[in-house]
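So the structure is just underneath, and the comments pick up after that.
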Amino acid sequence: MKRGFRLLGWALLLPGATSSCSGDIGGGATVAAASSGGGDGGGASAVTSSGSGGGEGGAGMAAGSEGAGAGPTGECAQLAPGPLAPTLVTDVFDGSADFAFDGRGHLVAKQGPNLIRYDATGQTSNFASLPGTVLGLRYRPDGTLVAARPDQGTVAQISTSGIVDDYVESLQAPNGLSADAEGNVWATERAGNRVIRLAPDATVEVIASGEPEVSQPSGVVFDPARKVVFYTNSAAGSAAGEIRRIDLAVAGALPALVSTVPSAALDGLVLDTCGHLYTIDSKDRELYRVQLDAGGAALGAPELLATFPTSVANAQFGSGPGFNAKTLYVGGAAGAIYAVALGIVGAPVPAPPEAP
């Protein structure tokens, strides 16, 4: 029997679609935080995957996906400019550079050796034991949570009941994770200088590798609308961090440079419904937006949107009861989660099935 799943924000990807999404946390909630505005080479391996996988529900993501990046219409033509003032949501977390929304009203991240669930009222509950460093955290459509554990060289999977086991082993400092509708997990290996795809059966497929095009990669996001994988290079050999893309529809395509940000510490990546990228400069604690055209090329220089008082590394758009779908939530290993009201929703991401 197939297990159902949802794509959060799916209807909002279609051109002309309207939204009634709302949330309680985000925009003006809780304590205000301080804010201030403030070359391609050879050597990378070619694309070896078309992005298809063996998971369930792949057809749901494909239909109508050409909406992302299709042009500046509606809310996409009225993006809120920076600088924006972040607000503090909570500081109960510590120990993980990433977090995830389960779509049911919980934000999940680490507190000491445990993964905990946090709801919009401030209540917390233990979810699973997961000691050690955790970087990427993302939900797959079957309801399992995947976690990058660089010290162990593994990506773990955590069941809906909190049971932890290894999903993929023998990796070289896995970092960023991005799940798709077919159950694949796109990942970066910081020490291995690789962008890889982890199939539902744990098969590892190398999408790109080798410096300088893949140089200590950190953040990653799979874009099904463009059939592209975006990732950040945190050691690009200069004072500027790189955002690159791999065109999965072009056989043998090498990673193309999308944009540079004046920092060598670029981390997480996330897409909005218009097809634009947001990235975190973990060194200077800044959030940037890079507007993209329909093909994934930058439309201009990166825009500084917000600056944070504590370290941040990753961002996710809100989902689930109590969290604002038009707000970008930003957090990091220091434990604080901030909200940045953008007035626009994120691109669709897999979410666990509805509770029975």
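Results, tabulated for the structure shown:
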{"read-out": "³J(HN,Hα) computed for each position of segment 185-196 - Karplus, 6.51 cos²θ - 1.76 cosθ + 1.60, integer Hz, glycine/proline x", "value": "10, 8, 9, 10, 10, 5, 7, x, 6, 9, 10, 10"}
{"read-out": "Kirkwood Rh, Cα atoms: Rg over Rh of segment 273-356", "value": "1.00"}
{"read-out": "Fewest-first sequence of Arg138, Arg289 by Cβ atoms within 10 Å of each Cβ", "value": "Arg289, Arg138"}
{"read-out": "Point-charge dipole on Cβ atoms (K/R +1, D/E -1) for segment 187-265, about Cα centre, debye to 20", "value": "120"}
{"read-out": "Label-point gap, in nm, between Ser170 and Asn126 - each point 7 angstrom along Cα→Cβ", "value": "3.4"}
{"read-out": "Kirkwood hydrodynamic radius over Cα pairs of segment 119-189, then Stokes diffusion coefficient at 20 °C and 1.002 mPa s, in µm²/s", "value": "171"}
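Here, each number is a calculation from the coordinates, and none is a lab measurement. None of these values were measured; they are calculated from a predicted model. With ideal geometry, Cβ positions are generated from the backbone for all residues, glycine too; neighbour counts draw on all protein chains shown.
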